[in-house]
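The values are calculated or read from the model by the stated rules, or taken from the named source; none is laboratory data. Quick caveat: nothing in here was measured; it's all calculated off a predicted structure. Positions of Cβ are backbone-derived with ideal geometry, glycine not excepted, and every protein chain shown enters the neighbour counts. Side chains included, ligands, DNA and RNA excluded: accessible areas come from the protein's heavy atoms. Shrake-Rupley method; radii C 1.70, N 1.55, O 1.52, S 1.80 Å.
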Amino acid sequence: PRVCVVGSGPAGFYTAQHILKHHGGAQVDIYEKLPVPFGLVRFGVAPDHPEVKNVINGFTQTARSQRCAFYGNVTVGRDILVAELQKAYHAVVLSYGAEDNRTLGIPGENLSGVYSAREFVGWYNGVPENRGLKPDLSCETAVILGHGNVALDIARVLLAPLSLLRKTDITEGSLAALACSKVKRVWLVGRRGPLQVAFTIKELREMINLPGTRPVLNPADFTGLEGAVKDAPRPRKRLTELLLKTALEKAGEEAVGAEAAAPRQWGLKFQRSPQEVLPSPDGTRARGVRVALTRLQGSGDSAKAIPTGEVEELECGLVLSSIGYRSLPLEPALPFDSQRGIIPNSSGRVLGVPGLYCSGWVKRGPTGVIITTMNDSFDTAQSVLEDLQGGKLDLSSSREGFGAVESILHSRGVRPVSFSDWEKIDAAEVERGKAAGKPREKIVDPQEMLQLIGH
């Protein structure tokens, strides 16, 4: 059987890995629109979290397998259509992730100085389309809307000592911009309370221990939480206890030269819902955010934030919206639930289209970490294997796989990038990094990548 996977992030690679491991005859081809593989492992994981990127070693083993091939620089939906892939393969798995972001839907969100977390992370992580972002870091205060791990990643990158960032694979351009940054205060604003934050304890602890930086938490925000958290699941309980301890400890230290020891600060603001990004007097850029104060209705994860009628203005020159990523439909004709931003499916089988599958964020929504995606992808791969073994996929007709696709791409002037081409780009990046004492210096221009491999 010939299977193709669209997207080479964790979802794509884990799906391929599981099929290859459990079917001795399957051939899996992975298509990717960029010339480089690994999706959010390369472009989403924070530069100072290199250990999270170790999954790349396993993905590399998969890509080097005799029964697996990687074709980069091919945009499915433009260079080749899903229907054309379905003619060439017995099964097609869509694992292309979430390449858009949720918008705030409030006045002023298009002002200069307002960025989505997705484009800001893309900028410091070397996503080609975000390389020209040039965020304005000339203000002292930044506001991040959102209480998830991505929000903490951004706060950490904005406040981390340069000596720490210099040893990472953060891009040259963003490092230079951060070296001139005036930002020294970051507020993370969320609609709900401390019991509803979406970040994890590891990320919080890192932020609390960031050198030269101190947390500013208001002890009043945590009143009565000890009781409320007693029966909470262990991760939530530990997280809340750490927030509480930090709020109370830091309150006691305030007087004792904290400013001198830690010139930079960050804090969490709860129960505040963004209403408007306020424009500067000339109307061109952001000067603050107006937030509605909220009260919580219900408890735990299902608590809803209801506006109280009171508002507050937070002054800042930089606004980052970190309220989630969003998947987009690949082609107008394919099933897509635009309300939920996913492909309608049952265990990864796309509803109403036999032989079409999906895995990862486009299957279940943009949540969870790499391990969540791994389990989710194995679930989809299992569906493919069951359908292969149960005769649901017609294996009597031979499919040409890449052979058929190659001639179509050739006729459209598209030249795919192979995995060994990627390994040349990889080697060049590592070599450039060495000179600067970094693990790698990412190439951010696709044209430069293609030139390097003689395309």
Practice problem: For residue 47, state whether it is in contact (Cβ under 8 Å) with a residue 60 or more places away in the chain, buried (at least 18 other Cβ atoms within 10 Å of the Cβ) and farther than 25 Å from residue 453 by Cα. | Solution: yes
Quiz prompt | Residues located in segment 179-196, provided they are open to solvent by less than 10 Å² (accessible area, probe 1.4 Å) and farther than 13 Å from residue 267 by Cβ | solution = 183, 193
Quiz item: Taking segment 229-241, which residues are part of a helix (DSSP H, G or I) and open to solvent by less than 30 Å² (accessible area, probe 1.4 Å)?
Solution: 229, 239, 240
Quiz prompt | Among residues of segment 296-324, those that are part of a strand (DSSP E or B) and open to solvent by 60 Å² or more (accessible area, probe 1.4 Å), counted | solution = 9
Quiz item: Are there any strands (runs of 3 or more DSSP E) wholly within segment 1-94 with 2 or more residues that are more than 29 Å from residue 131 (Cα to Cα) and of a type in the set (S, T, N, Q), and if so which?
Solution: none
Quiz prompt | Residue selected from segment 64-105 under the condition out of contact with any helix residue (DSSP H, G or I) (no Cβ under 8 Å at 6 or more places or on another chain) and surrounded by fewer than 16 Cβ atoms within 10 Å (Cβ to Cβ), by the criterion farthest from residue 384 (Cα to Cα) | solution = 105
Exercise. Scan segment 195-245 for residues that are under 29 Å from the mean Cα position of the chain (by Cα) and among the hydroxyl-bearing types (Ser, Thr, Tyr) and jot them down.
Key: 200, 213, 240
Practice problem: Tell me the helices (runs of 4 or more DSSP H) entirely within segment 355-455 that contain at least 3 residues that are open to solvent by 60 Å² or more (accessible area, probe 1.4 Å) and more than 19 Å from residue 59 (Cα to Cα). | Solution: 402-411, 419-436, 446-452
Practice problem: For segment 236-245, indicate whether the set of residues that are under 11 Å from residue 195 (Cα atoms) and either in contact with a Ser or Thr (Cβ under 8 Å, 6 or more places away or on another chain) or without any contact (Cβ under 8 Å) to a residue 12 or more places away in the chain (or both) is non-empty. | Solution: yes
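Can you pull out every residue in segment 299-326 that is polar (S, T, N, Q) and either modelled with pLDDT under 95 or farther than 23 Å from residue 191 by Cα (or both)?
Scanning segment 299-326 gives 299, 302.
Could you grab me the full set of residues in segment 331-347 that are aliphatic (A, V, I, L, M), modelled with pLDDT of 95 or more and surrounded by fewer than 23 Cβ atoms within 10 Å (Cβ to Cβ)?
334, 342
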Quiz item: From the list 188, 178, 164, which residue is modelled with pLDDT of 95 or more and more than 24 Å from residue 42 (Cβ to Cβ)?
Solution: 188
Exercise. Please find, among 203, 172, 226, the residue that is open to solvent by 60 Å² or more (accessible area, probe 1.4 Å), without any contact (Cβ under 8 Å) to a residue 60 or more places away in the chain and among the acidic types (Asp, Glu).
Key: 226
Quiz item: Here are 388, 351: which of them is farther than 20 Å from residue 31 by Cα and more than 31 Å from the chain's Cα centre (by Cα)?
Solution: 388
Quiz item: Which of (1) aliphatic (A, V, I, L, M); (2) more than 22 Å from the chain's Cα centre (by Cα); (3) open to solvent by 40 Å² or more (accessible area, probe 1.4 Å) is the odd one out, the single condition residue 150 does not satisfy?
Solution: (2)
Self-check item: Evaluation of residue 244 against (1) of a type outside the set (Val, Ile, Thr); (2) farther than 18 Å from residue 109 by Cβ; (3) crowded, with 20+ Cβ neighbours inside 10 Å (one fails), failing number
Solution: (3)
